[in-house]
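Engineer: I am attaching a structure below and will ask some questions about it afterwards.
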Amino acid sequence: MSRHHVPATLHSPSLARAIKDHVLLLFSLLGIMWAIEIVDLLPFFQSDYYGIHPRSMSGLPGIVLAPFLHAGFRHLIVNSLPFVVLGGIVLLGGPRVFWRVTAFVTLVGGLGVWLFAGSWSNHIGASGLIFGYLGFILARGCFERSLPWMLIGCAILVGYGGLLLGVLPLNAGVSWQGHLFGLLAGIAAARLMFPRGRTMLR
């Protein structure tokens, strides 16, 4: 009697475990943001100060720290859902892709803010990373020449295209520079990771 071989990746336990691992990863990062904001309620702990201070040596650590810092719970709540949704879509490409995009956007986008944002400003929040995920998703399908990712990009453009207005200096107190350089870093990450339609192995 002939038997049909079923790839291991299609076994429901493996799929369920992958989904569980992805959810755990995303919510662990989100949990760190929430934990810091809760601790920030203590009078002697002010994490907001450790954001990106443009062209200041003391502001360099903020390039890495800024995505985890927020100006209150309202700021954090606004960022939480798009972080999970867009980060989750990037994670569909595998943990390796997710971590590379996250690291690249954090460092390159943050460095752009440090170099070009206004003096005496302090930039915090996960929105730069969120815009990086957005740029990566919108660009990946084009650079990889992948129809599924093009369709995903179109769907995200419909659902989250309004975020693109955030790269414009329309609202006082909002780091449009973080949004802009995050978006550009996400597009650059897609270009570097998927040159000429090449698919990166996980």
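Any read-out appearing in this document is the output of simple, stated calculations on the displayed coordinates, not a laboratory observation. What you see is a predicted model, and the numbers here were worked out from it, not measured in a lab. Counting neighbours? That spans all protein chains shown, and the Cβs are built from the backbone with ideal geometry, glycine included.
Engineer: With 10 angstrom as the radius, rank Asp21, Asp40 by how many other C-beta atoms surround their C-beta, starting from the fewest.
Structural biologist: Result, fewest neighbours first: Asp21, Asp40.
Engineer: Using Cα-Cα distances under 8 Å and only pairs 6 or more residues apart, what relative contact order does the chain have, in percent? The partial results should precede the final answer.
Structural biologist: On the way: 293 pairs, mean separation 44.5, N = 202.
That works out to 22 percent.
Engineer: Restricting things to alpha carbons, tell me how big the stretch 21-115 is in terms of Rg and Dmax, in Å.
Structural biologist: 14.0, 42
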